[in-house]
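Participant: Just dropping this structure here.
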Amino acid sequence: MRHVEVGGGVVVVTGAGSGIGRALCERLATASAAHIVAADRDAVAAEETAHLIGGDRISARHLDVRDEQEVRTVVEETRAHHGIVDLYCSNAGVISRGGVEVPDEVWQQEWEIHVLAHVYAARALLPAWLERGRGYLLGTISAAALVNEIDSAPYAATKSAGLSVLEWLSITYGDRGVRCSALCPQGVRTAMLTEDNFLAQGALSAEEVADAALAGIADERFLILPHPEVREYFRRRADDYDRWLRGMRRLRGRLAAGAAEETA
Ligand SMILES: NC(=O)c1ccc[n+]([C@@H]2O[C@H](COP(=O)([O-])OP(=O)(O)OC[C@H]3O[C@@H](n4cnc5c(N)ncnc54)[C@H](O)[C@@H]3O)[C@@H](O)[C@H]2O)c1
């Protein structure tokens, strides 16, 4: 038996006011989810998502995923009104640019949104999931967790840590019916991806990524790679780390030279 049937299931999506989160809500609605809670720290954007989809099987809610109490309240309220959350899409994210010089506040913010948010969700969801032996956590991570992110040290580091949390949850609770998936796209055409990012070229639409996510959930696959080439990059890293690092340095050099040419 599958651990979650999206059709007829109760779902929470964080970061649902935009991009991949909004597309996930749309696809989940099409797949006949029983109820979708579209949650975002931008409450107006969450309302827009609910309005766009329409009907009474979606509701919007303010949620800052950095606030554990608020995460717990969303999970409890959802259970009270619609039933135990079957699928929780921990999708909210932000990105900064820069390296180790980036101020601590920015590192801290990304740590809270990309790592602690999954921890808070797990704490709120696990008791009911373990009791009934079933539940599904989808984390929107990023290919940055597998092959780094040249433009942003905080993003690469916190996305890797977020992946690790999901792996740990899967190892620890997988035999008790808790399923986890890590959605790891490269570029996706959303507000987050600036046009000057080299990943913009091969970028997918948010809808394509949401489709890949739902297909991965149906297969109960841990690693969901909407860009299939990422599997090969990840394999190369594991095969020969030093060679992979040399290749990444060359890529970084080419990108820096291209940027210098553009501004010259
Ligand atoms: N766009 C890409 O190229 C790309 C690639 C790989 C992974 N991702 C990941 O996909 C996820 C969704 O990003 P997107 O591309 O749709 O970007 P987006 O900017 O369109 O959407 C992000 C949403 O998250 C919300 N959000 C941010 N901080 C929040 C918080 N503290 N609490 C609740 N909501 C918050 C924002 O209000 C926004 O609605 C992120 O986790 C991102 O890191 C994006």
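The numbers here are math on the coordinates, done by the rules we state, and not lab data. Keep in mind the model is a prediction, meaning the values are calculated, not measured. A quick note on method: Cβ atoms are made from the backbone with ideal geometry, for glycine too, and the neighbour counts reach across all protein chains shown.
Participant: Taking the range 127-180 only, how many residues are polar (S, T, N, Q), within 14 Å of the ligand (Cβ to nearest atom) and closer than 20 Å to ARG236 by Cα?
Facilitator: Number satisfying all stated conditions: 3.
Participant: Any residue in the range 202-219 that is more than 8 Å from the ligand (Cβ to nearest atom), out of contact with any Pro (no Cβ under 7 Å at 6 or more places or on another chain), more than 26 Å from TYR136 (Cα to Cα) and not in a strand (DSSP E or B)?
Facilitator: yes
Participant: I'd like to know if the range 86-100 contains one or more residues that are away from the ligand (no atom under 11 Å from the Cβ), farther than 28 Å from ALA212 by Cα and part of a helix (DSSP H, G or I).
Facilitator: Scanning the range 86-100, I find no residue that is away from the ligand (no atom under 11 Å from the Cβ), farther than 28 Å from ALA212 by Cα and part of a helix (DSSP H, G or I), so the answer is no.
Participant: Also, I was wondering about something else. Looking only at residues in the range 157-203 that are in contact (Cβ under 8 Å) with a residue 24 or more places away in the chain and of a type in the set (Ser, Thr, Tyr), which one is nearest to GLY17 (Cα to Cα)?
Facilitator: THR190
Participant: Among the numbered criteria (1) within 19 Å of the chain's Cα centre (by Cα); (2) within 17 Å of SER152 (Cβ to Cβ), which single criterion is violated by GLU105?
Facilitator: (1)
This table checks each residue for (1) basic (Lys, Arg); (2) farther than 22 Å from SER205 by Cβ; (3) touching a helix residue (DSSP H, G or I) at 6+ places or on another chain (Cβ under 6 Å); (4) surrounded by 19 or more Cβ atoms within 10 Å (Cβ to Cβ).
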site	(1), (2), (3), (4)
ARG123	yes, yes, no, no
TRP129	no, yes, no, yes
ARG132	yes, yes, no, no
TYR136	no, yes, no, yes
SER142	no, no, yes, yes
TYR155	no, no, yes, yes
THR158	no, yes, yes, yes
GLY162	no, yes, yes, yes
ILE171	no, yes, no, no
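Participant: Looking at the range 28-52 only, could you name the residues that are more than 12 Å from the ligand (Cβ to nearest atom), crowded, with 19+ Cβ neighbours inside 10 Å and assigned to a helix (DSSP H, G or I)?
Facilitator: LEU28, ALA29, ALA50
Participant: Here is a further query. Using beta carbons and a limit of 6 Å, which pairs, at least six apart or on different chains, have the first residue in the range 87-98 and touching a residue at least 24 places away in the same chain (Cβ under 8 Å) and the second one part of a loop (DSSP other than H, G, I, E, B)?
Facilitator: Going by the 6 Å Cβ cut-off, the qualifying pairs are LEU87/VAL4; LEU87/GLY9; ASN91/GLY15; ALA92/GLY15; ALA92/VAL65; ILE95/MET192; SER96/VAL102; ARG97/ASP151.
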